[in-house]
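Report on one structure; see the data block that follows.
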Amino acid sequence: MTLIFLSDKWTKQNISNLKIQRNSVTEPIVLVPGSNATQYRFDPLIRDINKREKTPHSLLRVLVHKNYTISYSGAIKKGERQPFIVIAFEDNKDGFKNIKKQAIWLKYALKYISQQYEFRKISLIGHSNGGLIITYALEHNLTSHYLTVQKVMTIAAPYNLNDSSVRSETELLENLIANRKYIPNSIDMYSLAGTQSYSNDGLVPLYSVLAGRYIYQKQVKHYTCQGR
């Protein structure tokens with residue numbers, strides 16, 4: 001009887017997951033800010049985008065706390081195809097150790113939110129260390145639990161941290177290169193080396209941004225790096 005019950009429960013859950021996968025029209029753009037930045041980091045950018053759109057995008061701001069609780073502000077409109085979701089972290093400090101923790105929190109938040117809002121496809125934008133968090137998460141099962149990442153954009157992501165040397169690799173870069181094979185090869189990836197906005201995170205060495213090619217190039221479906 002126990003086996004029958006568990007089998008029935010498993011079957012119903014899988015049918016439910018397949019229905020969500022088939023019926024969901026929502027494909028959010030998820031933005032991850034850099035170190036010391038909050039869930040309000042992208043507000044000016046999103047306001048500017050919405051001014052140009054006939055139908056403004058809704059915005060859900062998410063803060064993941066160190067104890068794995070989640071705070072929200074804003075909401076996603078029902079049936080909206082491409083809302084914005086900003087995911088920030090209570091512990092938003094710099095450093096490889098924290099980046100690894102933030103990647104775990106990102107995966108946790110996305111799993112929880114995707115179940116709430118019934119979406120299975122996302123695109124990701126990461127500014128500065130947000131790009132590193134996304135990259136580490138992609139290499140550690142971000143796309144499990146029926147979640148598909150279609151596009152990734154990183155803006156001034158310091159893949160080699162503050163090291164500007166072309167002859168040395170930080171522990172972070174070595175780790176990301178070693179695990180690049182786990183990044184889904186169906187992704188379109190865009191790396192921007194600079195931007196006129198978001199300048200208060202400090203100057204990122206150009207080589208550190210360009211080092212992203214050792215992670216993504218020839219691993220994903222499409223890789224483009226552009227500087228300014």
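Here, each number is a calculation from the coordinates, and none is a lab measurement. In this text, all values refer to a predicted model and were calculated from it rather than measured experimentally. FYI the Cβ positions are ideal-geometry reconstructions off the backbone, even for glycines, and counts take in every protein chain you see.
Here are the numbers for this structure:
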{"read-out": "Chain lengthening between residue 148 and residue 52 when straightened (0.36 nm per residue, less Cα-Cα)", "value": "31.8 nm"}
{"read-out": "Distance violations [Cα-Cα > 21 Å] among 78/107; 78/101; 100/121; 78/111; 51/121", "value": "78/107; 78/101; 100/121; 51/121"}
{"read-out": "Inter-centroid distance (Cα atoms) of the stretch 30-53 relative to the stretch 108-135, Å", "value": "14 Å"}
{"read-out": "Two-site label geometry, residue 70 and residue 100: point separation in nm, points 7 Å out along Cα→Cβ", "value": "2.4 nm"}
{"read-out": "Karplus-derived 3J(HN,Hα), 6.51/-1.76/1.60, for each residue of the stretch 42-51, Hz, glycine and proline x", "value": "9, 3, x, 5, 5, 4, 5, 5, 5, 5"}
{"read-out": "Peptide ranges 218-226, 168-176 listed from the most packed, as the mean C-beta count within 10 angstrom indicates", "value": "168-176, 218-226"}
{"read-out": "Nearby aspartates and glutamates by direct alpha-carbon distance to residue 181 (threshold 12 angstrom, same-chain neighbours under 8 apart not counted)", "value": "139"}
{"read-out": "In nm, spacing of pseudo-spin labels at residue 36 and residue 226 (7 Å Cα→C-beta vector)", "value": "2.9 nm"}
